[in-house]
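Below is one structure; the comments refer to it alone.
The values are calculated or read from the model by the stated rules, or taken from the named source; none is laboratory data. Because the structure is a prediction, the values reported are computed rather than measured. Here the Cβ positions follow ideal geometry from the backbone for every residue, glycine too, while neighbour counts run over all protein chains shown.
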Amino acid sequence: MGLPERLHWLFWEVDPWEIDVERHADYVIARLVERGRMADVDWVLATYGDDRVHRFFRDVGHPELSPRTLSFWRAYFQAKDERWTDIAAWRRSSSVPWIS
């Protein structure tokens, strides 16, 4: 299954026609929850379901995810005390001001 054309703008560094929604699920979820619009996040939840998205945050993670995004999804899944994958090291110790 391919990525809907309306989401192609979020995948500027690859050929979006080559993205397989199932095979590249972790990449697609990370990009859409971090950079997508509300309609894009709705598409993620409709396509993958809450259980799959929750498992992504708990077991997989992605260095692109910001602490703000992780906090939002922890609240959404009511997972305050649940162990999730760590924030990428470059996100924790970057000296550049635009990465928080």
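Considering only residues of the range 76-100 that are part of a helix (DSSP H, G or I) and surrounded by 10 or more Cβ atoms within 10 Å (Cβ to Cβ), which is modelled with the highest pLDDT?
Filtering the range 76-100 for residues that are part of a helix (DSSP H, G or I) and surrounded by 10 or more Cβ atoms within 10 Å (Cβ to Cβ), the one modelled with the highest pLDDT comes out as Tyr76.
Scanning for something under 17 Å from Trp9 (Cβ atoms), of a type in the set (Gly, Ala, Ser), modelled with pLDDT of 95 or more and in contact with a helix residue (DSSP H, G or I) (Cβ under 7 Å, 6 or more places away or on another chain), does the range 35-58 turn up at least one residue?
Yes; the residues of the range 35-58 include at least one that is under 17 Å from Trp9 (Cβ atoms), of a type in the set (Gly, Ala, Ser), modelled with pLDDT of 95 or more and in contact with a helix residue (DSSP H, G or I) (Cβ under 7 Å, 6 or more places away or on another chain).
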